[in-house]
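The values are calculated or read from the model by the stated rules, or taken from the named source; none is laboratory data. The model shown is predicted, which means the values in this text are computed figures rather than measured ones. Here the Cβ is made from the backbone with ideal geometry for all residues, glycine too, and neighbour counts use every protein chain on show. All accessible areas refer to the heavy atoms of the entire protein, side chains included, with ligands and DNA or RNA removed. Shrake-Rupley method; radii C 1.70, N 1.55, O 1.52, S 1.80 Å.
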Amino acid sequence: MEILQDHEQIISMPRIGDKAPDFKAITTQGNINFPSDYKGEWVILFSHPADFTPVCTSEFITFAHLEDKFDKANCKLVGLSIDGLYSHIAWLRTIKEKIEFNGMKNIEVKFPLIEDIAMKVAKKYGMIQPGESKTQAVRAVFFIDPKSMIRAIIYYPLSLGRNFDEIYRALIAMQTSDEFEVATPADWNPGDDVIISPAGSCGIAEERMTSTDELNCKDWFFCTKPLGKKEVLDKILKKPKLLVR
Ligand code: BEZ
């Protein structure tokens with residue numbers, strides 16, 4: 001067996017635009033085959049440093065509380081830490097039975113939590129960042145699209161709990177970009193104006209500046225247009241199932 005020194009450890013860092021690296025894993029919801037089990041839907045794969053720690057507990061309660069909201073946006077959640085399966089099970093039971101956070105209590109975590117005691121997945125996904133910790137995963141968030149491509153990555157250090165409004169906003173913004181072929185400006189939320197792709201020729205630049213339609217061009221390279229909140233959400237969110245009598 002080859003023994004690697006610390007500095008020789010093979011840690012890969014997947015990038016935006018890469019296919020999500022594949023792995024098989026044991027989770028609190030049974031075995032998964034990643035990303036193939038999630039083809040056709042978005043998935044947020046996220047890591048946390050350790051079970052039975054306070055910041056992670058606050059995050060799990062919040063994420064589990066929002067699970068239905070993410071599901072309506074065709075997005076599944078998958079968590080991971082460098083802990084064993086029985087630790088995960090015990091922690092999730094404690095969360096449900098004992099912990100209240102921000103008014104949320106009795107919260108059942110129904111999404112899979114990967115056991116990764118051997119750090120195989122954590123290393124494949126660059127979740128171990130040795131300057132921060134050699135034994136715990138940082139708080140990584142991978143947004144993976146229905147074609148299993150990595151579309152966004154956010155990393156937080158151990159001490160900083162994530163902002164789940166931002167995670168949801170980023171998901172909806174990327175789905176909006178895909179559906180409407182637009183980009184989204186700073187702090188965009190559904191209902192705000194969207195950005196249309198920059199003019200690719202002098203002719204289009206001129207057209208944009210003289211156009212009288214709904215485009216609002218501050219200059220030839222910076223054009224926005226309205227996109228209604230209802231139009232966005234009707235396209236992106238799953239329709240509620242009708243009760244058939
Ligand atoms: C926490 O979740 O509270 C935590 C985990 C690892 C390091 C620091 C904080």
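Can you put 211, 47 in order of accessible area, largest first, using a 1.4 Å probe? Numbers along the way, then the final one.
Numbers: 211 40, 47 0 Å².
The ranking, largest first, comes out as 211, 47.
Pulled fully out, how much extra length does the chain show between residue 110 and residue 209, if you take 0.36 nm times their separation in residues and subtract their Cα-Cα distance? Display every interim value, and only then the final one.
Numbers: separation 99, 0.36 × 99 = 35.64 nm, distance 5.14 nm.
Answer, rounded to one decimal: 30.5 nm.
Take the alpha carbon atoms of segment 2-163, find their radius of gyration, then divide it by 2.2 N^0.38 Å using N residues; give the quotient. Each step should come with its number before you reach the end.
Values: Rg = 15.2 Å, N = 162, 2.2 N^0.38 = 15.2 Å.
Against the empirical 2.2 N^0.38 Å value, I get 1.00 for segment 2-163.
Go through the chain and flag any cysteine with no other cysteine's C-beta closer than 4.7 Å, please.
Cysteines of the chain left without a disulfide-compatible partner: 56, 75, 202.
What are the aspartates and glutamates whose alpha-carbon lies under 14 Å from the alpha-carbon of residue 230, with same-chain residues fewer than 8 places away excluded?
Leaving aside aspartates and glutamates fewer than 8 places away in the same chain, those within reach of residue 230 are 179, 192, 193.
So how far apart, in nm, are the two label points at residue 18 and residue 132 if each is 7 Å from Cα heading toward Cβ?
Result for the modelled spin labels: 1.6 nm.
Give the lysines reachable from residue 235 as a straight Cα distance under 27 Å; neighbours fewer than 8 places away on the same chain don't count.
The reachable lysines, counting only those whose Cα sits under 27 Å from residue 235, are 19, 39, 69, 72, 76, 110, 147, 225.
State to the nearest 20 debye the size of the charge dipole of the chain about its Cα centre, where the only charges are +1 on K and R beta carbons and -1 on D and E beta carbons.
Values: 31 positive and 35 negative charges, 162 e Å.
Dipole about the Cα centre, nearest 20: 780 debye.
Want the number for residue 193 to residue 222: 0.36 nm per residue separation, take away the alpha-carbon distance, what's left? Present the calculation step by step, with values, prior to reporting the outcome.
Working: separation 29, 0.36 × 29 = 10.44 nm, distance 1.20 nm.
Additional length available on full extension: 9.2 nm.
What is the spin-label model distance, in nm, from residue 98 to residue 168 if the labels are put 7 Å beyond Cα along the C-beta direction?
2.9 nm
Rounded to the nearest angstrom and ordered from largest down, what semi-axes does the equivalent ellipsoid of segment 68-178 get from its C-alpha gyration tensor (root of 5λ)?
On the way: eigenvalues 104, 84, 38 Å².
Here the semi-axes work out to 23, 21, 14 Å.
For segment 88-245, what relative contact order do you get, as a whole percent, if you take Cα pairs closer than 8 Å and at least 6 residues apart? Intermediate results must be reported in sequence, preceding the final value.
Details: 157 pairs, mean separation 18.4, N = 158.
About 12 percent, as a whole number.
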